[in-house]
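Report on one structure; see the data block that follows.
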Amino acid sequence: MTKKEVMKKAARNREIQARMREIYTKMEKERREEYTEEEKREMAELTSELEDNRREILLSKDEAAIAEIREQVDRNKQYREYLQGVRQKREDATTTLAPKSTPDGSSITESGAINLYIEDIIDTKENGLGRPVGQSFVTGVEGDELYPYSINDVEMEEVGEIKAINDQALDFDNIKVQSRRVALSVAVSNKAIDNAAFDLVAFVLYKIQKAWRIYFAKKNYSHANWQGNKGAFSMVTPGTITMDNTIGAQIDEKFAEIAEIGFDDEGCVVISPKMEAKLKHTFEGDGVAAHPIIDNGLLCGHPYVSTKHINYTLNGEQEYVKDTDEYIGIGLFQYLPIQQHGLVRQTVDATSAAVAKQNKTVIVFSTEISITELSGKVNGANGTPQAFMLLKVVNPSA
């Protein structure tokens, strides 16, 4: 088998596993405990094809492809055996996901399960969670760390050769972060756990990562004034911006206002998908110089994020709802860092009555997260963010 054929088989296996997850997710959404007859046939065919492809890859002697299959199979085998063991013992189990194992056997590595780390369930790469350009995400922070953040600057002085210069003190305002517990659960049918061909690890990670993306999108982009972690747009008073062919210039002016205060880092614009569609067909300039507001993946030269959450808030009943108005957010997300504190705990529930009745195993992940706004401490701002603006879109006057 040629290298190209091996790669084709490996790609097909990924498609098969994605399709198997789709079938399982559909069954979950419809609250069914069994596959339909058609789904059973398709699952059997997919399982058979998956095993045939794996067998052919193993016979190909392609070391990289073989190593990838073995790693995937081993990870699933370990995790499957771990969940089956918890279920058979008829007792719940709690382990921790950390970059290192502990001698008391409390870590998921020492427990004999899969070597699963916090980096596996929270993708920390830039924009990996739909996070904006510039925002930092640090994992494994011990305790509630202080930010040694300077809230003023020093200035150069021009003096005579023998004249003493004035003392200038840097005023450091230690900003204490406040972490809050965050938890989510993934229910997996025992049928999926027992199916050796089902990519169990990928399914669990997919569910967790999706939950994280939704959580951070709500916190980063909405103007919902949450009781716990909240984003900067919930802390500012909305201004207005006019929806016409000068909207690009208006956004640049807002960034200039932020820069005049002293925040001249790269900024990011946050818009809804509806606004994105409008701005792609809104032109500024005349004649041959005319160009769309959004061009080459940038909004007037600025990175941007398209998300529905920019238009969401909390109503009087503290429900997360869509605002009746359209908003644009601009900000320097370097000043809204995210931290994950301590360990991530994985608790497996295979014994409770509700779980047993549904023939499922529930995996709960919990940790602590902090989101800290930093720009509100500069120049005596009294906590109001200065590196962020929320702008309500209004139509031009007649």
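Determine which single condition residue 351 fails, assuming it passes every other condition in (1) over 30 Å from residue 30 (Cβ atoms); (2) part of a loop (DSSP other than H, G, I, E, B).
(1)
Which one of these is within 25 Å of residue 181 (Cβ to Cβ), in a strand (DSSP E or B) and not basic (Lys, Arg): 383, 342, 376?
Unique residue meeting the criteria: 342.
Failed condition for residue 239, given (1) within 28 Å of residue 214 (Cα to Cα); (2) in contact with a Phe, Trp or Tyr (Cβ under 6 Å, 6 or more places away or on another chain); (3) small (Gly, Ala, Ser), with all others met?
It fails just one condition, (2).
Of everything in the stretch 16-54, what is within 19 Å of residue 206 (Cα to Cα) and either outside the structural domain of residue 190 (by TED's automatic domain parsing) or surrounded by 12 or more Cβ atoms within 10 Å (Cβ to Cβ) (or both)? Give them in sequence order.
Of everything in the stretch 16-54, those that are within 19 Å of residue 206 (Cα to Cα) and either outside the structural domain of residue 190 (by TED's automatic domain parsing) or surrounded by 12 or more Cβ atoms within 10 Å (Cβ to Cβ) (or both) turn out to be 16, 17, 18, 19, 20, 21, 23, 24, 25, 26, 27, 28.
Can you name the residue in the stretch 255-284 that is touching a strand residue (DSSP E or B) at 6+ places or on another chain (Cβ under 6 Å) and surrounded by fewer than 19 Cβ atoms within 10 Å (Cβ to Cβ) and, of all such residues, is nearest to residue 310 (Cα to Cα)?
273
Which of the residues belonging to the stretch 278-314 are touching a residue at least 60 places away in the same chain (Cβ under 8 Å) and either small (Gly, Ala, Ser) or out of contact with any Asp or Glu (no Cβ under 8 Å at 6 or more places or on another chain) (or both)?
305, 307, 309, 310, 314
What do you reckon, is residue 88 closer than 30 Å to residue 358 by Cβ, assigned by TED's automatic domain parsing to the domain that holds residue 202 and in contact with a helix residue (DSSP H, G or I) (Cβ under 8 Å, 6 or more places away or on another chain)?
no
Look through 191, 207, 163 and report the one residue that is under 30 Å from residue 351 (Cβ atoms), modelled with pLDDT under 85 and surrounded by fewer than 18 Cβ atoms within 10 Å (Cβ to Cβ).
Being under 30 Å from residue 351 (Cβ atoms), modelled with pLDDT under 85 and surrounded by fewer than 18 Cβ atoms within 10 Å (Cβ to Cβ) holds for just one of 191, 207, 163, which is 191.
Has the stretch 313-324 got at least one residue that is at pLDDT 90 or above, surrounded by 17 or more Cβ atoms within 10 Å (Cβ to Cβ), in contact with a Gly (Cβ under 8 Å, 6 or more places away or on another chain) and of a type in the set (Val, Ile, Thr)?
The answer is no; no qualifying residue exists.
What's the total number of residues in the stretch 1-15 that are crowded, with 17+ Cβ neighbours inside 10 Å and charged (D, E, K, R)?
Number satisfying all stated conditions: 1.
Filter the stretch 335-394 for residues that are closer than 23 Å to residue 216 by Cβ and small (Gly, Ala, Ser); which is surrounded by the most Cβ atoms within 10 Å (Cβ to Cβ)?
Result: 387.
Go through the stretch 1-49 residue by residue and tally those that are more than 20 Å from residue 194 (Cβ to Cβ), part of a helix (DSSP H, G or I) and acidic (Asp, Glu).
The qualifying residues number 3.
Kindly indicate whether any position in the stretch 249-262 is among the aliphatic types (A, V, I, L, M) and farther than 22 Å from residue 376 by Cβ.
For the stretch 249-262, residues among the aliphatic types (A, V, I, L, M) and farther than 22 Å from residue 376 by Cβ: present.
Residues in the stretch 361-369: is at least one under 21 Å from residue 225 (Cα atoms), touching a strand residue (DSSP E or B) at 6+ places or on another chain (Cβ under 6 Å) and not aromatic (Phe, Trp, Tyr)?
Scanning the stretch 361-369 turns up at least one residue that is under 21 Å from residue 225 (Cα atoms), touching a strand residue (DSSP E or B) at 6+ places or on another chain (Cβ under 6 Å) and not aromatic (Phe, Trp, Tyr).
The values are calculated or read from the model by the stated rules, or taken from the named source; none is laboratory data. For clarity, every value in this text was computed on a predicted model and none was experimentally measured. Neighbour counts are summed over all protein chains in view; Cβ atoms, including those assigned to glycine, are modelled from backbone coordinates with ideal geometry.
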